[in-house]
Amino acid sequence: MKRWGVVLMLWGQAVLAACPALLNHTVPGLMGGQINLCQYADRPLLVVNTASHCGFTPQFTQLESLYKQYGPRGLMVVGFPSNDFLQELDSNSEIGAFCQANYGVTFPMAGKGHVRGSDAQPVFKDLIAATDDAPMWNFHKYLVLPGASKVISIGTRTKPDAPEVVNAFLPYLQPETQAAAKP
């Protein structure tokens, strides 16, 4: 029995060691639960600060499309609603209902929080430190490559499905045949 305890302890330490510091964050989910960013350490992760009432809110359509098209091959998209630019709804439940009703969002969404300044969520502080680029408006994107080997800051005006964004993560995805073969 002791042997299994040691094996499990070492396995747990290996799992923790495999999580890059940049992704070593667990955030509240928009509709409850928790989102552990470590679970996405082995794949490209697109982190986006979102807002429900912004001129760029239609980017939810492209984000959802990317998630549906490339998610089976490994891409993960996580939205982070924020009212830092005074364009977000008041409650997490309102935000969730809005995203679902208007854009059919199925990718994970974190609970509403700050994405810049001294009150920024720790994950955003780390993303800003890694890129030296803080969100200046809603729908700023960070593409975190597997193992947090590189973080690319993508401005608000660049659509999520722009060729420069897609071409940055495509080499890190599973081939289509492998992804289709997985149950």
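The values are calculated or read from the model by the stated rules, or taken from the named source; none is laboratory data. Keep in mind it's a predicted model, so treat the numbers as computed, not measured. Here Cβ is always computed from backbone atoms with ideal geometry, including for glycine, and neighbour counts include all displayed protein chains. Side chains are part of the model used for accessible areas, which takes the heavy atoms of the whole protein and leaves out ligands, DNA and RNA. Shrake-Rupley method; radii C 1.70, N 1.55, O 1.52, S 1.80 Å.
Collect the residues in region 125-139 that are open to solvent by 10 Å² or more (accessible area, probe 1.4 Å), touching a residue at least 24 places away in the same chain (Cβ under 8 Å) and either out of contact with any strand residue (DSSP E or B) (no Cβ under 9 Å at 6 or more places or on another chain) or not small (Gly, Ala, Ser) (or both), keeping them in residue-number order.
First, pick out the residues of region 125-139 that are open to solvent by 10 Å² or more (accessible area, probe 1.4 Å): 125-126, 128-134, 136-137.
If we keep only those that are touching a residue at least 24 places away in the same chain (Cβ under 8 Å) too, we end up with 126, 130, 137.
Passing the criteria: Asp126, Trp137.
List the pairs whose first member sits in region 146-158 and is within 17 Å of Val115 (Cβ to Cβ) and at pLDDT below 95, whose second member is of a type in the set (Ser, Thr, Tyr) and surrounded by fewer than 18 Cβ atoms within 10 Å (Cβ to Cβ), and whose Cβ atoms are under 6 Å apart, counting only residues at least 6 apart or on separate chains?
none
Check region 65-77 and report whether any residue there is open to solvent by 20 Å² or more (accessible area, probe 1.4 Å), of a type in the set (D, E, K, R) and more than 16 Å from the chain's Cα centre (by Cα).
No, there is no match, as no residue in region 65-77 is open to solvent by 20 Å² or more (accessible area, probe 1.4 Å), of a type in the set (D, E, K, R) and more than 16 Å from the chain's Cα centre (by Cα).
Please verify whether Asn102 is within 11 Å of the chain's Cα centre (by Cα) and open to solvent by 50 Å² or more (accessible area, probe 1.4 Å), treating the condition exactly as stated.
Details: within 11 Å of the chain's Cα centre (by Cα): no; open to solvent by 50 Å² or more (accessible area, probe 1.4 Å): yes.
Against the criterion (within 11 Å of the chain's Cα centre (by Cα) and open to solvent by 50 Å² or more (accessible area, probe 1.4 Å)), Asn102 does not qualify.
For region 48-106, which positions are part of a helix (DSSP H, G or I) and closer than 19 Å to Leu145 by Cβ?
In the first step, residues of region 48-106 are kept if they are part of a helix (DSSP H, G or I); the result is 59-73, 92-103.
Residues satisfying the conditions are Leu63, Leu66, Tyr67, Gln69, Tyr70, Gly71, Pro72, Arg73.
For the structure I just gave you, tell me whether Ala181 is among the small types (Gly, Ala, Ser) and at pLDDT below 95.
Details: among the small types (Gly, Ala, Ser): yes; at pLDDT below 95: yes.
Criteria met by Ala181.
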